[in-house]
1. In the range 200-288, what trypsin sites (Lys or Arg not before Pro) fall in a loop by DSSP, with at most 14 other Cβ atoms inside 10 Å?
2. Measuring from the lowest to the highest alpha carbon on each principal axis, how far does the range 239-350 reach, largest first, in angstroms?
3. Express as a percent, rounded to the nearest 5, the fraction of DSSP beta bridges in the chain (both residues included) that run antiparallel.
4. Report residue 198's accessible area, 1.4 Å probe, all protein chains in place, as a number in Å² to the nearest 10.
5. With no solvent and one point on each alpha carbon, what is the Debye value of log10 I(q)/I(0) for the range 163-305 at q = 0.10, 0.18, 0.19 Å⁻¹?
6. As an exercise, identify the GluC sites (Glu not before Pro) in the range 500-539 lying in DSSP coil whose Cβ has no more than 16 other Cβ atoms within 10 Å.
7. In angstroms, what radius of gyration and Dmax does the range 324-462 have, counting Cα atoms only?
8. Compute the accessible area per residue over the chain, keeping the other protein chains in place, probe 1.4 Å, unit Å².
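The values are calculated or read from the model by the stated rules, or taken from the named source; none is laboratory data. Please read all numbers here as calculations on a predicted model, not as lab measurements. Neighbour counts are summed over all protein chains in view; Cβ atoms, including those assigned to glycine, are modelled from backbone coordinates with ideal geometry. These accessible areas exclude ligands, DNA and RNA; they are computed on the full protein's heavy atoms, side chains included. Shrake-Rupley method; radii C 1.70, N 1.55, O 1.52, S 1.80 Å.
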Amino acid sequence: MESFGDDLETMRRVPLAESHVAQLRALGQERVYSQGESVVAVGQSLDRFVYVLDGEIEAVNVHTGERLFEASLGPTQFLGDLGFLSGAATTTPMRAACPTRTLEVPREDMLELMARVPELSDHVLTVFAARRRRLFEEHASAVKVIGADRDPRIQACEQFLARNRIPFDSLDLDGSDQASVRACHLTDHSPGVIIGRDRRLDDPSPRSLARELGLDLDVCRDTLYDVVIVGAGPAGVAAAVYAGSEGLCALAIEDTAIGGQAGTSSRIENFLGFPTGISGTDLVFRGQVQAMKFGTRFAMPRRVDGIARCEDGSFLVSLDDGASLRARAVLVATGVRYRRLPLDRLDEFEGAGVFYAATDMESRFCRTTEAVVVGGGNSAGQAAMYLSRTARHVHVVVRAESLAASMSDYLYRRLEADPAITIHYRTQVTALDGEDRLEHVTLSTADGDVRVDARALFLMIGAAPNTDWLGGLAATDARGFVLTGAAAGRDNPYETTADGIFAVGDVRAGSIKRVASAVGEGSVVISRIWEYLRDAESV
C-alpha cells in the first residue's frame, strides 16, 4: 500500500545541483557549529533551511543524549522535514557531531526560491516527505503519549498526532521497557503527554499540542483572505491546492485533523493512481503538502462557529476561541460526520471502546478482543478488513438484507470470503455493557438477541452534515446539506444561495459521496471563485 512519502532507506542519495547551491548562497549565510553544539532543539521552529557544507549533523535521542540513528547528515545534504513548510516546531533535536560548517537560508526566502525553481522544490519535498515518513513510522520523536487506551483525552491527542502524521511515541501504562517505565514515572503512572526530556503537558488536548508544535497558527485578523476554506477533507484540501496554485491568499481551517471523514479510512483501493491502495489520511496529507508548497496556510485544530456578511460584501468568520477573520469568499467543505446510535451509555463508552475511525491507533485496541463494525458502506467494509488483522474476530452489523446496493462489489465479496469476519444482516446494536470501558455488545437479530464479548465498537453509519455554523446565511435542505446549483437558483453547480459562498464535497446536497468526487469538486470550484473575486473587484 502507498504511503505519504518514499522509503528513506531505499532512496538514492542525490546532491543538490551546483546551480541550486549557488542560489542558496545568494540568499543565505554561512555558519559554524562546534562539536556537540545544538543545531535545532525540541520545540524550536524550523525557521531556516540548513545545508551542510562541511562536517556532520546527527539526530539525538532526547532521553539518553546518544545518536538516534546510525545515519547522519554530511556535506551536500540538508536538514529538515515537512514541518519546514509551515515553520512547525521540531520533535527531533539535531546537533553537530563534529566541527561543522553550514549554509543557512531564512525559511521565507527558501520557500520563495522553491516556488520559482520547481526542480529544487521537487528535490527538497521528496527528501522532506521521506524523512517525515521515517520519523513517523519509527516513532522517533520527543513527544510521548502514555496510556491512550485508558483516557479519552489522551486518545484524542494521539488521534490528532497520528492523523496529522506528526511523529510521536505511544507507550503503555503497563509496559515494562525502559522508555515506558520512565514515562510512567514522569506522569505519576497515569495517562499523559510528555514533550522533550521531562515536560508533562498540564492540560493535554489537541489544541494544546498544536500550540506546542507550532501548528495552531495565529490567524491574522488584519489579513483579508481571498478565500477561507472551511474543512480540510479531500474536497477542502483539493481546493487549497488549486487556490494556492492560482495565487489566491487562502486559509484552510480544520477542527480535528487533515482528511475529514476520509481520514478515518484505513485503505482506499478505488482511487485513481493508487493500484495498491492508500489510507485516507495519507492521500489527503499528500494534498496538504502540495497546498503548503503553493502558499496556502492551514489552521488546526480550529472550529468555525459562525459567519456574517460585512457592509463591504466580505465575510466575518468567527472561530471557537473567540478570534475572527475576514475573507472575500468562503468555501464550505466541512463534509459529514458519522451518525451516533441512540443507545444508553454511548457517551460513557466513546473513547473507551466506541470509535468512529479505524486507523492504526484504534486497531491496537483490538488485539485481544472481538470487534463490532456497524455500517454497510465502503468505509465500514474497509474498517472490517483492516481490523480483522488484529482483532480475534470482526462482526459487521447491517440493517439491510444485502450489501450489494451500498458497498463496492470487490469489497463485500472479500468480506463474505474472509473467515475472520461475520456479516450479520437484518441486525441492529441494541445495548452496550461494561464497567470502566465497553465489554459487551448486544445484537438484535431476526432469531433473537446475541451478546458479543467485544471491547471495540466502530460506528460508521449515515451522514450528518456539518453546517450549523452557517446560521442560515446559505440555504440548506431539510437534512442540513447545503443547496447549490439549480436547487439554489444558480447556474454554477457549486454556488449557494449567498453570493460569495460556495460548497463542495459531501456537505453539498445531491453530491456523490465518494473521495474522487470530492477531490474533483474541490479542484474545479476554484476557477469559479477566481471569477467571482475578479468580478467583485470590477464593481
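1. Details: sites: 200, 207, 211, 221, 267, 286; in loops: 221, 267.
Sites meeting the loop and neighbour criteria: 221.
2. That works out to 45, 43, 18 Å along the principal axes.
3. Values: 51 of 88 bridges.
Counting DSSP beta bridges with both partners in the chain, the antiparallel share is about 60 percent.
4. Residue 198 exposes around 100 Å² with every protein chain in place.
5. -0.45, -1.03, -1.08
6. Numbers: sites: 521, 531, 537; in loops: none.
In loop regions of the range 500-539 (DSSP not H, G, I, E or B), there are no sparsely surrounded GluC sites (Glu not before Pro).
7. Rg and Dmax of the range 324-462, Cα atoms, are 16.2, 58 Å.
8. Details: 23200 Å² over 539 residues.
Value returned for the chain: 43 Å² of accessible area per residue.
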